[in-house]
1. Considering (1) in contact with a helix residue (DSSP H, G or I) (Cβ under 8 Å, 6 or more places away or on another chain); (2) within 14 Å of chain B (Cβ to nearest Cβ); (3) of a type in the set (Gly, Ala, Ser), say which one A:Ala48 fails and leave the rest.
2. Could you tell me whether any residue of region B:96-107 is more than 14 Å from chain A (Cβ to nearest Cβ) and open to solvent by less than 10 Å² (accessible area, probe 1.4 Å)?
3. Is it the case that some residue within region B:153-171 is open to solvent by 30 Å² or more (accessible area, probe 1.4 Å), touching a residue at least 60 places away in the same chain (Cβ under 8 Å) and under 30 Å from B:Ile257 (Cα atoms)?
4. At least 3 residues that are modelled with pLDDT under 85 in each: list the helices (runs of 4 or more DSSP H) lying fully within region A:162-244 that qualify.
5. Residues in region A:232-242 that are over 15 Å from A:Val277 (Cβ atoms) and touching a strand residue (DSSP E or B) at 6+ places or on another chain (Cβ under 8 Å): how many?
6. From the list A:His187, A:His146, pick out the single residue that is surrounded by 18 or more Cβ atoms within 10 Å (Cβ to Cβ), over 19 Å from the mean Cα position of the chain (by Cα) and touching a residue at least 60 places away in the same chain (Cβ under 8 Å).
7. Give A:Ile74, A:Ile31 a once-over and let me know the one that is over 22 Å from the mean Cα position of the chain (by Cα), under 18 Å from A:Ala180 (Cβ atoms) and surrounded by 23 or more Cβ atoms within 10 Å (Cβ to Cβ).
Amino acid sequence: MNVIEINQLTKYYGKHRGIENVSFSVEKGEIFGFIGPNGAGKSTTIRALLSLIYPTSGTATIFGKDCIKYGKEIRKDIGYLPSEVFYYENMKVIEVLKYSASFYDDVDMSRIQTLSQTMDLDLNKRIDDLSYGNKKKVGIVQGLLHEPKLIILDEPTGGLDPLMQQKFFDLIRIENEKGATVLFSSHILTEVQKLCRRVAIIKDGSIVKVENLQDMRQHNYKKFTIEFENVVDPAAFGFEGITSLTQEETTLHFLYKGDINKVINRLQGKVLRNMLVEEPTLEEIFMHYYQKEN
Amino acid sequence: MNIFFKELKANYKSLLIWSCAQVFIIFAGMMKYKGFADSGVDINSLFAGFPKELLVVFGMGSTDISQVAGFYSVFFLYFMLLAAVHAVMFGAVVVSKEERDHSADFLFSRPVKRHEVITPKLLAGVVNILFFNLVTFGASVFFIGLYNNGDGLVDKVAITMVALFVLQLFFLALGAMLGASLKTTKIATSAAAGIILGTFFLSVAVDLNANFDILKYLTPFKYFNAKMLVIDGTLSLNSVGILLVVTFILTTLCYLIFNKRDLST
């Protein structure tokens, strides 16, 4: 059963494109990644799901019910962490959380304590006085407080230090194991890879691909930067699997997909000063993977 | 209920400040009456020497301001203006501030319908303007009584306050409609201030020039005549009816427009 089903969803702000014909679905119980660069339309899609904005055309259902028509009913079971967390500045953290809880039936108030302890959040501070990362934590706690069946996270990790990110991921995994479905939006691929099995990739308002991350890893690109002692002939690296080869004096840059040993063999007998093998950025994946294949 | 109480809490300080301002204006206005009365000068003949236009601008066109009721009726224009500004600003801000404060995504992602947010906010507005109205009532009766041998003209002031409340409701609804339909709080409050100023000057223009008489229906400040209210104690039910109908229309528009609104982050 699909918890989220988005069908040809389109949103224009006047003449400005928000999203165009976005379609994908999220299965019950999965952690689904939603990745794309800033401004690609991730937040627009999510905000349309929550009927914070109304789509120009297309439909979306959550729990099998139309998002707009049954918005109130659906939102009872949604926990949402907005990308930009601002709350009532002159309230204390505990007041915001209690205010949030007051909108739901049967909230287990002890969860305020346990969640904020896990996230190391001071309940008695005023929202005003919190750093960006701490405001994110308030967002996380209010999003998970009422034990929602669907958790929608829009760029949740910004401002969190790595330790907190880890704790946050653990929390999400726990909720997921308890049965919650998660839609996780991010522009950082590695972050999504840690949690998600499937991802939808959005670019310029359209879904480029919905893919299993397992498949994606198989034809994953590596980004090579090799600095040689002397200028080398780039033709030596003109073999299958290498793309966007560029040369800067003694340095070669290229993307490679395939058996890593082939590259290592070509390096035999050459004197290197430095070598970097990196995960390509999301942008580079868009450039050299999806655009080529489509 | 949670939204209603949150709005009351968020607004009580500003309500107290507005109320203090109103009490101060009533106090200051009636102090001037004491000054006139004690000086023993025949004010009416004094003002008779002033150009009519000037008197009209200050709302003293044809009123006997040597009597406390007449004097109060002249100043009522300013009490009314302050109440109108308070109500229209409340309406404009209360509807639009979640987007201004970037808390709209939080609030509207709760299991609430749009109208379930607007209704308690407007109810909090009604409580606020009612409080403001009662403060105006209390201060008026107190200060009139001070200069009228203890007779606060309770009956007449009460009727005046009914008229004031109808006006306040109208301005609250106007502000709410502006808040729902305009892009930001800033634009909504600017538009509200513009409308108040515009209609206020229109009411002055109507007083000044009989040719503009037909335009009096366009300005809420001409719907009630302070002299008739305070001196005769009569309330124009036609005006009450028209204003309430317009208030109802504005409120409905506020709901309809806000329901369709794309909330900004």
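The values are calculated or read from the model by the stated rules, or taken from the named source; none is laboratory data. None of the values given here were measured: they were computed from a predicted structure. Positions of Cβ are backbone-derived with ideal geometry, glycine not excepted, and every protein chain shown enters the neighbour counts. We work out accessible area using only protein heavy atoms, side chains counted, and drop any ligands, DNA or RNA first. Shrake-Rupley method; radii C 1.70, N 1.55, O 1.52, S 1.80 Å.
1. (1)
2. Going through region B:96-107, the residues more than 14 Å from chain A (Cβ to nearest Cβ) turn out to be B:96.
Restricting the remaining residues to those that are open to solvent by less than 10 Å² (accessible area, probe 1.4 Å) gives B:96.
Yes, some residue in region B:96-107 is more than 14 Å from chain A (Cβ to nearest Cβ) and open to solvent by less than 10 Å² (accessible area, probe 1.4 Å).
3. Within region B:153-171, one or more residues are open to solvent by 30 Å² or more (accessible area, probe 1.4 Å), touching a residue at least 60 places away in the same chain (Cβ under 8 Å) and under 30 Å from B:Ile257 (Cα atoms).
4. In region A:162-244, the matching helices (runs of 4 or more DSSP H) lie at A:189-195, A:213-218.
5. Qualifying residue count, region A:232-242: 3.
6. A:His146
7. A:Ile74
Each row is one residue, and each column tells you yes or no for (1) within 30 Å of A:Gly18 (Cβ to Cβ); (2) away from every other protein chain (no Cβ under 14 Å); (3) of a type in the set (A, V, I, L, M).
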{"residue": "B:Gly198", "(1), (2), (3)": "no, yes, no"}
{"residue": "B:Leu202", "(1), (2), (3)": "no, yes, yes"}
{"residue": "B:Asp207", "(1), (2), (3)": "no, yes, no"}
{"residue": "B:Lys216", "(1), (2), (3)": "no, yes, no"}
{"residue": "B:Asp262", "(1), (2), (3)": "yes, no, no"}
